Each structure stands twice: as structure tokens, then as C-alpha cells.
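Everything on this sheet refers to the single structure shown next.
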Amino acid sequence: MDHAINSLQPYLEAAIDVLRDEMATGRYKKLSDCPYYVDAKALVDAINILKKACYGKKNYPQYRTLPVGELVGSC
């Protein structure tokens, strides 16, 4: 399962970079207003589902990917 998680990671990093750049323009009031938010959120959700399956519900919290808002940080 790690290979699936690892193969999605570069896409998530790219989506977060684009989202961060778009938010820095000041065109959007909220993170969820940015059209790239949906892409980043879908990747975070997919990775977290795979991690829950791979590591189990008990161990999942220590491996989970942070929410999009925390990954983007303050812009």
C-alpha cells in the first residue's frame, strides 16, 4: 500500500504549491473559494484513506496527512 501512497505524494505537493501561489495573489477570501482547493483536498482525502487501510485505525492518527489548510499555511 505504501507504493500507492508514495506515488500520490508528488501530486499533492504540486497541488499545494499551486494552491499556495493562488492564495498569495489575494483573489480569494477563503481557501475553499480557490478552484485548486478541491484538487488538493481530494488528494489529502485519498492519501488518508490509503493510510488508514495500510496502518489500521488505531495507528492511523500518527500517520495521517494534515488538512489542506494546515499544509498551505498562512498566505
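Taking the criterion of being exposed (fewer than 13 other Cβ atoms within 10 Å of the Cβ) and not in a helix (DSSP H, G or I), would at least one residue in the stretch 66-73 satisfy it? Please lay out each step first, then the result.
Initial filter on the stretch 66-73 (exposed (fewer than 13 other Cβ atoms within 10 Å of the Cβ)): 66, 70, 73.
When the remaining residues are screened for being not in a helix (DSSP H, G or I), the result is 66, 73.
Yes, because at least one residue in the stretch 66-73 is exposed (fewer than 13 other Cβ atoms within 10 Å of the Cβ) and not in a helix (DSSP H, G or I).
So which residues in the stretch 10-51 are within 10 Å of the chain's Cα centre (by Cα) and farther than 13 Å from V68 by Cα?
Y11
Just give me the residues in the stretch 7-29 being exposed (fewer than 11 other Cβ atoms within 10 Å of the Cβ) and either touching a helix residue (DSSP H, G or I) at 6+ places or on another chain (Cβ under 9 Å) or under 24 Å from Y55 (Cβ atoms) (or both), in sequence order.
Scanning the stretch 7-29 gives S7, P10, R27.
Each reported figure results from applying straightforward, stated rules to the coordinates on display, with no laboratory input. Predicted model only: the values in this text are computed from it and were never measured. Heads up, the Cβs are rebuilt from the backbone with ideal geometry, glycines too, and the neighbour counts pull from every protein chain shown.
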